[in-house]
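Read through the structure below, which is laid out as structure tokens, and then see the notes.
The values are calculated or read from the model by the stated rules, or taken from the named source; none is laboratory data. Note that the structure is predicted; figures quoted are calculated from it, not measured. Virtual Cβ from ideal backbone geometry, glycine too; neighbours counted across all protein chains shown.
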Amino acid sequence: MEKLFKNLKKEIYKLWEKNLVLSNFTKLPKDLIYNELQSNIIEPAKKLKTWKSNSAKTGKIHDIIRELIPYISWKQTYEEKDVGKSFLEKYGYFEFFGSTGHFLTKEMSLYVIFFDTNNFYTWHNHEADELYFVLSGSAKFESVGDKSEILTSMKTRFHKSFQPHSLTTYNEKCLSLVIWRDKLKSSIQVVKK
């Protein structure tokens with residue numbers, strides 16, 4: 001499995017080299033150390049397994065993630081009382097680069113996050129500056145002080161420190177990279193808009 005994880009890392013590095021928004025947001029570490037984590041498959045990830053990307057530019061990354069699903073250490077940050085059962089049935093993520101990720105670094109965090117159709121990621125914030133990069137599908141991104149917009153593959157959304165933001169999927173699923181460049185130990189707080 002290590003080879004597949006390293007292939008995903010290689011494809012993400014290629015994407016970074018070609019995308020100024022990503023490379024200007026933060027540089028990728030050169031000294032990543034592979035970290036063999038125990039897999040943790042969650043129900044929402046199984047929905048990703050059958051979803052094929054229609055994006056020529058990010059389809060390879062999407063497909064490698066699909067292959068890796070049973071070997072990934074999937075997580076869910078929230079409790080049902082904070083976000084509801086329906087949300088948790090349609091959401092999951094994993095840390096790919098970071099202090100506890102599949103590749104270790106203390107320089108930045110890169111998460112892969114999945115949302116099934118018709119899901120609402122409630123208003124929340126955190127101290128870390130954050131950049132979303134949509135790999136596949138689409139979602140409506142909202143943040144206090146910015147215009148709402150629906151993002152599709154290759155589009156990005158920046159959230160500054162403590163800026164409340166939310167995400168909604170409709171008829172399409174959404175698979176995104178989520179990058180934190182600072183304040184990597186920030187906790188996520190559910191907030192009222």
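Data overview
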| read-out | value |
| --- | --- |
| Leading residue by the ranking (surrounded by the most Cβ atoms within 10 Å (Cβ to Cβ)) among those in the range 64-84 that are of a type in the set (Ser, Thr, Tyr) and out of contact with any Ser or Thr (no Cβ under 7 Å at 6 or more places or on another chain) | Tyr78 |
| Odd one out for Asp116 among (1) within 20 Å of Tyr170 (Cβ to Cβ); (2) out of contact with any strand residue (DSSP E or B) (no Cβ under 6 Å at 6 or more places or on another chain); (3) surrounded by fewer than 19 Cβ atoms within 10 Å (Cβ to Cβ) | (3) |
| Inter-residue pairs, beta-carbon under 9 Å, first in contact (Cβ under 8 Å) with a residue 60 or more places away in the chain and in the range 65-80, second in a helix (DSSP H, G or I) and of a type in the set (Phe, Trp, Tyr), 6+ apart | Leu68/Phe5; Tyr71/Phe5; Tyr78/Phe87 |
| Of all residues making up the range 112-162, the number that are polar (S, T, N, Q), touching a Lys or Arg at 6+ places or on another chain (Cβ under 9 Å) and within 15 Å of Val21 (Cβ to Cβ) | 1 |
| Condition broken by Gly101, with the remaining ones in (1) in a loop (DSSP other than H, G, I, E, B); (2) free of Cβ contacts under 8 Å to residues at least 60 places away in the same chain; (3) touching a strand residue (DSSP E or B) at 6+ places or on another chain (Cβ under 6 Å); (4) not hydroxyl-bearing (Ser, Thr, Tyr) satisfied | (2) |
| Top-ranked residue in the range 162-193 [being among the aliphatic types (A, V, I, L, M) and not in a loop (DSSP other than H, G, I, E, B); ranked as farthest from Thr152 (Cα to Cα)] | Val190 |
| Filtered residues of the range 28-42 (kept if under 17 Å from the mean Cα position of the chain (by Cα) and surrounded by fewer than 18 Cβ atoms within 10 Å (Cβ to Cβ)) | Asn40, Ile41 |
| Search result, residues across the range 150-161 that are of a type in the set (S, T, N, Q), in contact (Cβ under 8 Å) with a residue 40 or more places away in the chain and in a strand (DSSP E or B) | Thr156 |
| Candidates Ser39, Ser53, filtered to the one that is within 20 Å of Thr156 (Cα to Cα), touching a helix residue (DSSP H, G or I) at 6+ places or on another chain (Cβ under 8 Å) and of a type outside the set (A, V, I, L, M, F, W, C) | Ser53 |
| Scan of the range 5-25 for residues that are of a type in the set (Lys, Arg) and under 16 Å from Ile65 (Cβ atoms), ordered by number | Lys6, Lys9, Lys10, Lys14 |
| In the range 43-63, residue nearest to Ser166 (Cα to Cα) [restricted to those that are among the small types (Gly, Ala, Ser) and surrounded by 13 or more Cβ atoms within 10 Å (Cβ to Cβ)] | Ala45 |
| Test for Thr122: is it part of a strand (DSSP E or B) and modelled with pLDDT under 95 | yes |
